[in-house]
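Before any comments, here is the structure.
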Amino acid sequence: MMANFYSQGQVCSNASKVLVHRSIVDEFVSKLREKTSAMRVGDPLEEDTKVGAHISRQHMEKVKSYIDGQFVSSSGI
């Protein structure tokens with residue numbers, strides 16, 4: 001997950017999906033929220049910034065949709 005935040009998800013090799021077994025999905029989401037809410041958003045040139053600016057508004061909206069919970073799928077895989 002660090003790779004996705006390190007480059008704001010703007011590297012083509014970053015994972016766009018995480019497969020989580022349904023038996024631990026609630027725990028996983030809870031811990032992910034806990035960790036990501038503690039990340040500092042700001043100037044990428046500042047050492048304590050963990051999430052910087054996105055390359056475009058379109059990319060920002062895509063990432064925001066993940067954060068807003070639209071990434072949760074019940075595909076049954």
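Only the coordinates and a few stated rules stand behind these numbers; no lab work does. This is a predicted model, so every value here is computed, not measured. Backbone-built Cβ (ideal geometry, glycine too); neighbour counts: all protein chains shown.
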Under 15 Å from the Cα of Lys62 - aspartates and glutamates, other chains or at least 8 residues apart: none
Arranged by the count of other C-beta atoms within 10 angstrom, fewest first, what order do Val41, Val51, Val18 take? Val18, Val41, Val51
Length gained if Val41 through Lys17 is fully extended, taking 0.36 nm per residue and subtracting the Cα-Cα distance, is 6.5 nm
Proximal aspartates and glutamates relative to Lys35, as straight alpha-carbon distance under 20 Å, when same-chain residues fewer than 8 apart are discounted: Asp26, Glu27, Asp43, Glu46, Glu47, Asp48, Asp68
